[in-house]
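The values are calculated or read from the model by the stated rules, or taken from the named source; none is laboratory data. Keep in mind that this is a model prediction, so the values were computed, not measured. Using ideal geometry, Cβ is built from the backbone for each residue, glycine included, and neighbour counts are taken over all protein chains shown. SASA here: full protein model, heavy atoms, side chains in, ligands and nucleic acids out. Shrake-Rupley method; radii C 1.70, N 1.55, O 1.52, S 1.80 Å.
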Amino acid sequence: MSALYLGIDVGGTNLRFGVFDDAQCIASYRTEMNLRERCAQAGEVGAAQQLVLEALASGYHRLREQCPQIDGVGVAFPGFVTADGLLRQSPNIPHLESFALEARLSEQLQVPVLLENDANAAAFGEF
């Protein structure tokens with residue numbers, strides 16, 4: 001069996017999850033969770049970061065029921081992302097300054113995670 005990867009597209013008003021093998025999407029899930037609003041209501045950095053981690057982990061676990069062997073996760077996130085997976089700031093989603101999203105999500109899910117700016121991820125996809 002070929003490797004399976006979960007792609008997550010984070011938007012201010014929805015999250016999209018897709019499990020891919022080398023050739024196609026084999027399972028997907030979408031939720032209209034409004035992270036922009038929920039993180040604003042969280043009111044502080046720690047609570048907003050925890051909310052994002054829980055939302056991403058929830059989608060991962062939901063699709064893992066259909067595809068138990070997910071080998072890695074790629075996250076496309078709106079914001080300024082450093083090469084080492086740190087989300088410096090998100091213009092769309094408040095209270096996420098200096099968020100080590102890549103490392104924290106990888107630790108939580110126990111799979112490798114790659115974080116990328118959503119516009120860069122779209123360009124890679126087109127390439």
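Out of all the residues in the stretch 31-40, which are within 11 Å of I93 (Cα to Cα) and not charged (D, E, K, R)? If you could, list the steps in order and put the result at the bottom.
In the first step, residues of the stretch 31-40 are kept if they are within 11 Å of I93 (Cα to Cα); the result is 34-40.
Result: N34, L35, C39, A40.
Mind checking which residues of the stretch 114-127 are open to solvent by less than 80 Å² (accessible area, probe 1.4 Å) and within 12 Å of V75 (Cα to Cα)? Break it down into steps so the answer makes sense when it comes.
As a first pass, look at the stretch 114-127 and keep what is open to solvent by less than 80 Å² (accessible area, probe 1.4 Å): 115-123, 125.
Listed by number, the residues that qualify are L115, E116, N117, D118, A119, N120, A121, A122.
Here is a check on your reading of the model: is R88 closer than 21 Å to L4 by Cβ and over 13 Å from the mean Cα position of the chain (by Cα)? Let's see the steps before the verdict.
Values: closer than 21 Å to L4 by Cβ: no; over 13 Å from the mean Cα position of the chain (by Cα): yes.
No, not satisfied.
Would you be able to tell me the number of residues in the stretch 114-127 that are out of contact with any helix residue (DSSP H, G or I) (no Cβ under 6 Å at 6 or more places or on another chain) and within 19 Å of S58 (Cα to Cα)?
From the stretch 114-127, those out of contact with any helix residue (DSSP H, G or I) (no Cβ under 6 Å at 6 or more places or on another chain) are 114, 116-127; that's our starting set.
Of the ones still in play, those that are also within 19 Å of S58 (Cα to Cα) are 114.
Count: 1.
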